[in-house]
Amino acid sequence: MYYIPNRDFQLKFIRFYLESFYAKVNDFYKQKEIKKIDLDEKMINEFYDRTSRFVLASNFLWAVWGLLQAQSSQIDFDFI
């Protein structure tokens, strides 16, 4: 079974993460007199879309790793 938080939870996490990140970035920009970045829903959704694709790639790579380990590892472990 695959356990992953639902979309709403992920979006809340991403919002919190980006708010924290951009708070620090904007503090730095303020010191350098650079225009601050305003977080909006589009940025949050784009971040979600991009990270969702990387979840698939990561799972694929771990699956390949498990298959290779099942064939070649000397460790007595059920990799598959």
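From the list Ile14, Ile4, Ile37, which one is in a helix (DSSP H, G or I), open to solvent by less than 100 Å² (accessible area, probe 1.4 Å) and in contact with a helix residue (DSSP H, G or I) (Cβ under 8 Å, 6 or more places away or on another chain)? Spell out how you get there, then give the answer.
Working: Ile4 fails: in a helix (DSSP H, G or I); Ile37 fails: in a helix (DSSP H, G or I).
None of the other options fit; the residue is Ile14.
Cβ contacts < 6 Å: first residue within 15 Å of Glu46 (Cα to Cα) and modelled with pLDDT under 85, restricted to the stretch 1-30; second residue aliphatic (A, V, I, L, M) and outside any helix (DSSP H, G or I), any location; separation 6+ or different chain. Result?
Matching pairs, first to second residue: none at all.
Might you check whether a residue that is assigned to a helix (DSSP H, G or I), at pLDDT 90 or above and hydroxyl-bearing (Ser, Thr, Tyr) occurs anywhere in the stretch 63-73?
no
Taking the stretch 51-80, which residues are of a type in the set (Phe, Trp, Tyr) and either open to solvent by less than 100 Å² (accessible area, probe 1.4 Å) or under 25 Å from the mean Cα position of the chain (by Cα) (or both)?
First pass over the stretch 51-80, keeping only residues of a type in the set (Phe, Trp, Tyr): 54, 60, 62, 65, 77, 79.
Once the filter is applied, which keeps residues that are of a type in the set (Phe, Trp, Tyr) and either open to solvent by less than 100 Å² (accessible area, probe 1.4 Å) or under 25 Å from the mean Cα position of the chain (by Cα) (or both), the stretch 51-80 yields Phe54, Phe60, Trp62, Trp65, Phe79.
The values are calculated or read from the model by the stated rules, or taken from the named source; none is laboratory data. Since the structure is predicted, the reported quantities are computational estimates derived from the model, not experimental observations. Glycine also receives a Cβ, built like all others from the backbone with ideal geometry; neighbour counts cover every protein chain displayed. Ligands, DNA and RNA are excluded from the accessible area calculation, which covers all protein heavy atoms including side chains. Shrake-Rupley method; radii C 1.70, N 1.55, O 1.52, S 1.80 Å.
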